[in-house]
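Asks: One structure follows; several queries about it will come next.
Each value in this text was obtained by applying a stated rule to the coordinates, not by laboratory testing. Predicted model only: the values in this text are computed from it and were never measured. Neighbour counts run over all protein chains shown; Cβ positions are idealised from the backbone, glycine included.
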Amino acid sequence: MVLSFRPNIEYALACMHDGQWFTFSDPDNKTYENIIILDDTKSKPTEEEVNTKLTELQTAWDNAND
Amino acid sequence: MALIKLNVARALTGATPVANGGTALTSGFVNGGSVTVADMWQVTSGFVCTTGTNYFTAWSHTTTRGKGYLASTMSESSGVFTFPSTGIYLVQFMMGTEAQTSNADNFFGRMYVTLDDSSYEAVSAGLFGQTSEGNSGMRSKTIHALVDVTDTSQVKVKFAYDSASNAVYMHGGHLQNETAASFIRMGDT
């Protein structure tokens, strides 16, 4: 993990699929509820899937940056 | 020494040479300045780039603190930007990227223009050596072009990246302009 910032929900989503497939309805409030799917070929992941991915990425980042 | 005051507005017609303290212009002044359109957009969210050439399709007006714009704004649909009026525009596009792994490779950001609302050609490119350097391979690049918008229904702009791998993260978001485009009308076509 060589990322310059601790992974957040936006990055976790970005790591699920390539390209501009999602955005948020409220850019000031990037939460699961505000996720908008832009790519018809992709579906909205469950909140559990997002949290699992985020935890995985944050753990890897924390281990690499301790 | 006697001082003679001249009513310049009544005494002069045409252009006053620069050597005589004038501007050499006969017209072009507009109250508030000659720039009549200024607008800025940003990529809505960060994302991992797909290999190959891909157009940016998700944009929103910038929401950064203190942002401003002038006059009519650009319109955008599926990544294609339409100008609000004819004129010569300075178009600038900045990109912020980050290599996720050391496998990231060369990366290009490009600006495309169409003159017929159909066929696009690249008019400006930014080249990144995106290989990670053992830490974050962060890059920021701005590209520019002057676009002569003679017909707002025909002359349009869009932006793309060309990535050699899917190991590059494109920064987006709203608090700061990290991947964003600005459009400034400089004058008449």
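Asks: Rounded to whole Hz and in sequence order, give me ³J(HN,Hα) for region B:84-93 from the Karplus expression 6.51 cos²θ - 1.76 cosθ + 1.60, θ = phi - 60°, writing x for Gly and Pro.
Replies: x, 7, 5, x, 8, 10, 8, 10, 10, 9
Asks: Something else: Which parts of region B:135-163 would a label at B:H61 reach, counting a residue when its backbone N lies under 11 Å from a point 7 Å out along Cα-to-Cβ?
Replies: The answer is none, because no backbone nitrogen lies closer than 11 Å to the label point.
Asks: Tell me the mean residue ellipticity at 222 nm calculated for chain A from its helices only (DSSP H runs of n ≥ 4, each -39500 (n - 2.57), averaged over every residue, nearest 500).
Replies: Computed ellipticity for chain A at 222 nm equals -12000 deg cm²/dmol.
Asks: Which residues' amide hydrogens lie under 5 Å from the amide hydrogen of A:F24, considering only partners 5 or more residues apart or on another chain, with H built in the peptide plane?
Replies: Close amide H contacts, sequence-distant or interchain: A:I36.
Asks: Sticking to Cα atoms, compute the Rg of region B:50-189 to one decimal and its Dmax as the biggest Cα-Cα distance, whole number, in Å.
Replies: Answer for region B:50-189, Rg first and Dmax second: 15.6, 49 Å.
Asks: Also, quick follow-up: What spacing in nm lies between the two simple spin-label points modelled at A:I36 and B:S153, each 7 Å away from Cα in the Cβ direction?
Replies: About 2.8 nm separates the two model spin labels.
Asks: Just tell me how shielded B:43-56 is by partners: mean number of partner chain Cβ atoms within 10 Å of each residue's Cβ, no decimals.
Replies: 5
Asks: For chain A, build the convex hull from the C-alpha positions and give me its volume per residue in Å³.
Replies: Spelled out: Cα convex hull of chain A, divided by residues, is 88 Å³.
Asks: Turning to a different aspect of this structure: Along Cα→Cβ, 7 Å out, is where each label goes; now give me the distance between the ones at B:T82 and A:F5 in nm to one decimal.
Replies: Roughly 3.3 nm, to one decimal.
Asks: Still on this structure, I have one more. If I take R0 = 30 Å and measure r between the Cβ atoms of B:T101 and B:Y69 in this structure, what FRET efficiency does the formula 1/(1 + (r/R0)^6) give, to the nearest 0.05?
Replies: 0.20
Asks: Sort B:Y89, B:Y112, B:Y69 by Cβ crowding within 10 Å, fewest neighbours at the top.
Replies: B:Y69, B:Y112, B:Y89
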